[in-house]
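Worksheet: the structure to be examined is printed underneath.
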């Protein structure tokens, strides 16, 4: 099985004990951790850090999960920009979606899958990325 980049929404579900998604997110991470390596990147780290007031608390929560930090190569950053430009040209109006493109491009360039419950933009703009989603 390919390595998996774990999207922030999956981790937020776990950290917040989300009523609707906690079980799916926890079970998916538990299964994947037995099968392959799990990664986050600086974008994902930043998105999930918002829910914590202190870095020490945040790091303790991350430490209980089998996640590794991966730096995206600069080529994936370029690819993310191009995909975002295509999105905007195709009537994409939300500017807050740029992190999704960083995450999708990182996985695409590394040949990784993504665990997410919001696969729409990845599926549309990075069709080679395998998706693990509900």
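The values are calculated or read from the model by the stated rules, or taken from the named source; none is laboratory data. Owing to the predicted nature of the structure, the values given are computational and were not obtained by experimental measurement. Neighbour counts are summed over all protein chains in view; Cβ atoms, including those assigned to glycine, are modelled from backbone coordinates with ideal geometry.
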Residue match in region 7-29 (condition: under 14 Å from residue 103 (Cβ atoms), touching a strand residue (DSSP E or B) at 6+ places or on another chain (Cβ under 7 Å), surrounded by 20 or more Cβ atoms within 10 Å (Cβ to Cβ) and in contact (Cβ under 8 Å) with a residue 40 or more places away in the chain): yes
- request: State which residue is farthest from the chain's Cα centre (by Cα) when the search covers only region 81-95 and only residues that are at pLDDT below 75 and either surrounded by 12 or more Cβ atoms within 10 Å (Cβ to Cβ) or not in a loop (DSSP other than H, G, I, E, B) (or both).
  value: 92
field: Subset of region 118-130 that is surrounded by fewer than 18 Cβ atoms within 10 Å (Cβ to Cβ) and out of contact with any strand residue (DSSP E or B) (no Cβ under 6 Å at 6 or more places or on another chain) - its residue that is modelled with the lowest pLDDT
entry: 120
message: Filter region 96-117 down to the residues that are exposed (fewer than 14 other Cβ atoms within 10 Å of the Cβ) and within 15 Å of residue 5 (Cβ to Cβ) and list them by number.
response: 111
- prompt: Within region 35-45, is there a residue that is surrounded by 14 or more Cβ atoms within 10 Å (Cβ to Cβ), farther than 19 Å from residue 129 by Cβ and touching a residue at least 60 places away in the same chain (Cβ under 8 Å)?
  reply: no
- prompt: Residues in region 31-61 that are more than 12 Å from the chain's Cα centre (by Cα), assigned to a helix (DSSP H, G or I) and under 24 Å from residue 97 (Cα atoms): how many?
  reply: 2
